[in-house]
1. Can you tell me which residue is modelled with the lowest pLDDT among those in the stretch 20-40 that are out of contact with any helix residue (DSSP H, G or I) (no Cβ under 6 Å at 6 or more places or on another chain) and buried (at least 17 other Cβ atoms within 10 Å of the Cβ)?
2. Scan the stretch 119-133 and give yes if some residue there is out of contact with any helix residue (DSSP H, G or I) (no Cβ under 6 Å at 6 or more places or on another chain), touching a residue at least 12 places away in the same chain (Cβ under 8 Å), outside the structural domain of residue 241 (by TED's automatic domain parsing) and assigned to a helix (DSSP H, G or I), otherwise no.
3. Determine whether residue 13 is at pLDDT 65 or above and either within 19 Å of residue 176 (Cβ to Cβ) or assigned by TED's automatic domain parsing to the domain that holds residue 154 (or both).
4. Within the bounds of the stretch 253-268, is there any residue that is under 20 Å from residue 155 (Cβ atoms), without any contact (Cβ under 8 Å) to a residue 40 or more places away in the chain, touching a helix residue (DSSP H, G or I) at 6+ places or on another chain (Cβ under 8 Å) and surrounded by 13 or more Cβ atoms within 10 Å (Cβ to Cβ)?
5. Quick one: how many residues across the stretch 182-199 are more than 22 Å from the chain's Cα centre (by Cα) and surrounded by fewer than 17 Cβ atoms within 10 Å (Cβ to Cβ)?
6. Output the residues belonging to the stretch 227-243 that are touching a helix residue (DSSP H, G or I) at 6+ places or on another chain (Cβ under 8 Å) and free of Cβ contacts under 8 Å to residues at least 40 places away in the same chain.
7. Any residue at all in the stretch 191-214 that's touching a strand residue (DSSP E or B) at 6+ places or on another chain (Cβ under 6 Å), within 21 Å of residue 143 (Cα to Cα) and modelled with pLDDT of 95 or more?
8. Would you say residue 170 is in the same structural domain as residue 270 (by TED's automatic domain parsing) and either touching a strand residue (DSSP E or B) at 6+ places or on another chain (Cβ under 9 Å) or under 17 Å from residue 246 (Cα atoms) (or both)?
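The values are calculated or read from the model by the stated rules, or taken from the named source; none is laboratory data. Bear in mind the structure is a predicted one, so any value in this text is a computation, not a measurement. Here the Cβ is made from the backbone with ideal geometry for all residues, glycine too, and neighbour counts use every protein chain on show.
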């Protein structure tokens, strides 16, 4: 059974100032966006025995409180986030219900995947202190909103997961929403056709500088230097879908393995608007 230490709290954490009057598009807009959070901390064991392996889940999930039934912008943003972060099956749920349902499904899948191996080991007399460490899962999710450039709301999700193997996995997801419509912006919505090559070249220059500093390697002065360090060996430089339209710059995120080995970690590169505005649609 579970060793429950569940905290499912919904509380107002901040006000993200913004926008708004009802527009001709028929979408109801708020005078301010109230950001609320759902917090979950739970440890679910495979068996009634609390010494048995367990799955630990920690979630700190932010969402926009809907001011009333007509607040379609907050609803659109929430549903888009739930689709991308939790899964499309959770898209139309209330955010609190969606997080709780996601948590329950994760625990159910954990028990389904691990319990048969655990039972076999116990049947074979394997001492509990010699059981594989991967029988213990861990999952963490932290999200938050921030103010982006004018008219833009930024969203960041950080996920951590361990299900066995040499090391845990972690990845980040970034999103940009139009405040007046709730639309999720993609690269094609923001940057002109044909901008991929010049922007990739600018990002490559930033990457060379970043890696030379991070790795303390003065030989990294070109693409060849990066490749000698194990970076960009399996892909060309590109403009990633993970980007943030921040107040004074555009930042681009490369998760582990995207362009470099796991050990290099997450790579964030930024370009000032003065460098990219000629490639931007708006």
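1. Of the stretch 20-40, the ones out of contact with any helix residue (DSSP H, G or I) (no Cβ under 6 Å at 6 or more places or on another chain) are 20-26, 30-37, 39.
Keeping just the survivors that are buried (at least 17 other Cβ atoms within 10 Å of the Cβ) gives 30, 33, 35-37.
Values: 30: 41, 33: 61, 35: 95, 36: 96, 37: 97.
Among those that are out of contact with any helix residue (DSSP H, G or I) (no Cβ under 6 Å at 6 or more places or on another chain) and buried (at least 17 other Cβ atoms within 10 Å of the Cβ), it is 30.
2. Yes, the stretch 119-133 contains a residue that is out of contact with any helix residue (DSSP H, G or I) (no Cβ under 6 Å at 6 or more places or on another chain), touching a residue at least 12 places away in the same chain (Cβ under 8 Å), outside the structural domain of residue 241 (by TED's automatic domain parsing) and assigned to a helix (DSSP H, G or I).
3. Values: at pLDDT 65 or above: no; either within 19 Å of residue 176 (Cβ to Cβ) or assigned by TED's automatic domain parsing to the domain that holds residue 154 (or both): yes.
Judged against the criteria, residue 13 is not a match.
4. no
5. The total comes to 6.
6. Passing the criteria: 229, 230, 231, 232, 233, 236, 237.
7. Scanning the stretch 191-214 turns up no residue that is touching a strand residue (DSSP E or B) at 6+ places or on another chain (Cβ under 6 Å), within 21 Å of residue 143 (Cα to Cα) and modelled with pLDDT of 95 or more.
8. On the way: in the same structural domain as residue 270 (by TED's automatic domain parsing): no; either touching a strand residue (DSSP E or B) at 6+ places or on another chain (Cβ under 9 Å) or under 17 Å from residue 246 (Cα atoms) (or both): yes.
No: the conditions fail for residue 170.
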